[in-house]
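Structure first, then comments.
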Amino acid sequence: MIFDALVCTAARAANTPRRVRGTWHGLSIVATGGPHSVSASPGTPRLPRPHIMAQASFDQTTDSFLRWFTSLPGATFSEAIKIVDLRSRNAGRGIVATQDIPADATLFTIPRKAIINIETSRLRERIPSLFESNGDEDDQQQLDSWTALILILIYEHFQGENSQWKPYLDVLPEAFDTPMFWNDAELAELQASATRSKIGRESAEATFRTKLVPAVRTNPGVFPGSEGLNDEGLIALAHRMGSTIMAYAFDLENEHEEEENEDGWVEDREGKELMGMAHVNHEDESLTVTSLRPIRAGEEILNYYGPLPNSELLRRYGYVTERHVRYDVVEIPWDTVLNAAVVQLGLSRDFVDKALERLDEEELEDVFVLEREFVEPNSDGTFAGPATLEDMPADLQDQLKRLLKALQKLDEGLVPDKRKRAEMQQAILVKSILDIESRYPTTMAEDKLFLQQESITPRQRMAAQVRLGEKQLLQEAKGLLASASAETGQDGSGPAKKARRAG
């Protein structure tokens, strides 16, 4: 929890009031720039696993960090909490309460000047050309906010003892369990999960090669010791720093900026930040973390990342948890639905494509998200009720209905009436779900047996938990569609819910 809030960087040369993203788990000191909404809340279920080190060295590094942190002007660290070694739980460092803590108690305070960002690191003044801005958007910068923060962390890394954040950098993990670092065999364990298409390793490395490597190579004096790494070594370091940002970054509001996201909507900070065991207060000179509810002595103080499915927890942070199975999702590609329509209706793909030409291409979604309905957690971080699958995605149903109407215009006998259209739609949805399910080579029963094996690796276990959660949701979708068939047949319609787009 405390290891997230110390990374924060603005990727603009101009002193434009803006929101910057930062990292923070328990005391993180990294922030990334960009007009984004708050992306991390206080306390984390677990941190990415740090590299293995001897117990004495581990404890000394922790003590050194805490001494450094508490020496920062404006920093506080409550006597009611302590940093502990949770490697026995495969969780690195964490924070636990040493005594009972009431609600609204200050746990720690992080001065804004201690947060790593474009304004606090010296890199911008040393290579100002890298941070030149032609506007307010990321694509108008020499380096976008993400790439700029990675380069700043690389810069601080190469400063060694001369970096003011050295004690903090020493407690950050050197190894991660996110899929970005998995080999092909490990990735194959995810089976048909859409997670595999979201890792982005190739695109990340392309950016590293074209942006970061040249920046380091042309400024060896700014990055002392970088000559000792070949390009592949630099790319590996960039991956490590990028994963640090992914796992620890949060958005830091500038005190001069209104809380609006890029779409102009005011962010609901109460809803987004009051879902863990602690609350982050964005103040003018600091970030103050207070307890959200009473915390018992010995209890670990956890972060809450929001209602993310296990697939996203794994992709971003390198862990999964049973508590987030309720948020699991399955993506339904539109192309899968079109193929199901072709088979179900006995049509050629060319004929279906002619119907698609009658629809506004810009209004067609490529992917739909199957997800359960749930109530946001209570203000004390506890669940307010069960999560249930109520209906198929509303945007998918609407788009499929429009396709069937377009087919009807091409051939009136194909879809004679509203009731028949509803039956066709239901059948196409069933076939789509069955198609997606068939792409997973193992069954739910086989996955459960696999998870009982003690010999499997942590990455195999997490992958199996992700794919099992997705298969469970597909199973619920089949049951939902089966039970809805009679209702659909009676009135030609069914309830629909608002579904979010795939991210």
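General observations
- Ordering G413, A384, L396 by the projection of their Cα atoms onto the charge dipole of segment 378-423, which places +1 on the Cβ of Lys and Arg and -1 on the Cβ of Asp and Glu, puts G413 at the extreme positive end.
- Around A80: net Lys/Arg minus Asp/Glu count, Cβ-Cβ under 15 Å: -2
- Heavy-atom accessible surface of segment 374-481: percent carbon and sulfur, 1.4 Å: 50
- Positive minus negative residues near W182 (Lys, Arg vs Asp, Glu; Cβ under 9 Å): -3
- Computed over protein heavy atoms with a 1.4 Å probe, the carbon and sulfur contribution to the accessible area of segment 58-98 reaches 47%.
- Checked against a 23 Å cut-off, the cross-linked pairs K82/K166; K166/K198; K198/K405; K113/K198; K448/K478; K354/K471 give Cα-Cα distances beyond that limit for K166/K198; K198/K405; K113/K198; K354/K471.
- Average accessible surface for segment 149-209: 41 Å² per residue, computed with a 1.4 Å probe over protein heavy atoms with every protein chain in place.
- Net lengthening on full extension, F383/E362 (0.36 nm per residue, minus Cα-Cα): 3.8 nm
- The fraction of accessible area contributed by carbon and sulfur in segment 276-373 is 43 percent, rounded to a whole number (1.4 Å probe; ligands and nucleic acids excluded).
- Within segment 176-227: Cβ-based charge dipole about Cα centre, in debye rounded to nearest 20 (Lys, Arg +1; Asp, Glu -1): 320
- Converting phi to 3J(HN,Hα) with the Karplus coefficients 6.51, -1.76 and 1.60 and the offset θ = phi - 60°, segment 398-415 yields 5, 5, 5, 4, 5, 5, 5, 5, 5, 5, 4, 5, 7, 8, 4, x, 6, 10 Hz in sequence order, with x at every glycine or proline.
- Mean separation of Cα contacts under 8 Å, 6 or more apart, over the residue count of segment 89-196: relative contact order %: 13
The values are calculated or read from the model by the stated rules, or taken from the named source; none is laboratory data. Quantities reported herein were computed from a predicted structural model and do not represent experimental measurements. Cβ coordinates were reconstructed from backbone atoms using ideal geometry, including for glycine residues, and neighbour counts include every protein chain displayed. All accessible areas refer to the heavy atoms of the entire protein, side chains included, with ligands and DNA or RNA removed. Shrake-Rupley method; radii C 1.70, N 1.55, O 1.52, S 1.80 Å.
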